[in-house]
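Working notes, structure below.
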Amino acid sequence: MTTRFDAEQVDLANVAQMLRDGCGEFVEGNVVGRTRFRDLVAAHLGCSFLEAERVVDTMAGRGFIVEVEQPNGQAGWQIRQR
């Protein structure tokens with residue numbers, strides 16, 4: 001029997017720390033960065049890519065990850081400590 005994944009029960013601060021540990025505080029590329037986050041979250045939580053995408057969306061909505069542009073014009077994501 002498979003266990004249903006509940007994205008509402010995910011500790012987003014813990015996931016943000018895992019992303020920071022794996023990626024650093026800034027991840028280059030808007031689309032590439034989100035894809036990297038999704039892949040890492042799926043592996044970390046043992047969930048599907050769709051479920052991981054929901055977690056990443058929630059993290060962006062709650063300010064754990066923020067889309068930024070560096071002074072040199074480089075776009076990407078900042079992983080914030082909360």
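The values are calculated or read from the model by the stated rules, or taken from the named source; none is laboratory data. Keep in mind that what you see is a predicted model, and the values were worked out from it rather than measured. As a convention, Cβ positions derive from the backbone with ideal geometry for all residues, glycine included, and neighbour counts pool all protein chains shown.
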Self-check item: Which listed residue is surrounded by fewer than 18 Cβ atoms within 10 Å (Cβ to Cβ) and either of a type in the set (Lys, Arg) or in contact with a Ser or Thr (Cβ under 9 Å, 6 or more places away or on another chain) (or both), from Arg38, Arg34, Arg62
Solution: Arg62
Quiz item: Which of the residues spanning region 27-74 are in a helix (DSSP H, G or I), aliphatic (A, V, I, L, M) and under 11 Å from the mean Cα position of the chain (by Cα)?
Solution: Leu40, Val41, Ala42, Ala52, Val55, Val56, Met59, Ala60
Practice problem: Would you please list the contacts, defined by Cβ atoms under 6 Å and residues six or more apart or on different chains, that run from a residue in region 31-46 that is free of Cβ contacts under 8 Å to residues at least 24 places away in the same chain to a residue that is of a type in the set (Gly, Ala, Ser)? | Solution: Arg38/Ala52; Leu40/Gly22; Ala42/Ala52
Quiz prompt | Filter result for Gly24 (of a type outside the set (Val, Ile, Thr), surrounded by 12 or more Cβ atoms within 10 Å (Cβ to Cβ) and modelled with pLDDT under 95) | solution = no
Quiz item: Are any residues in region 1-26 small (Gly, Ala, Ser) and either under 9 Å from the mean Cα position of the chain (by Cα) or within 24 Å of Gln74 (Cα to Cα) (or both), and if so, which ones?
Solution: Ala16, Gly22, Gly24
Exercise. Could you please find all residues in region 33-47 being among the polar types (S, T, N, Q) and at positive phi?
Key: none
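Among the residues of region 49-57, is there at least one that is β-branched (Val, Ile, Thr), surrounded by 17 or more Cβ atoms within 10 Å (Cβ to Cβ) and in contact (Cβ under 8 Å) with a residue 40 or more places away in the chain?
yes
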Quiz item: Do you know which residues across region 1-11 are buried (at least 17 other Cβ atoms within 10 Å of the Cβ) and either of a type in the set (D, E, K, R) or at pLDDT 95 or above (or both)?
Solution: none
Self-check item: Candidates Val41, Val32, filtered to the one that is modelled with pLDDT under 95 and of a type in the set (A, V, I, L, M)
Solution: Val32
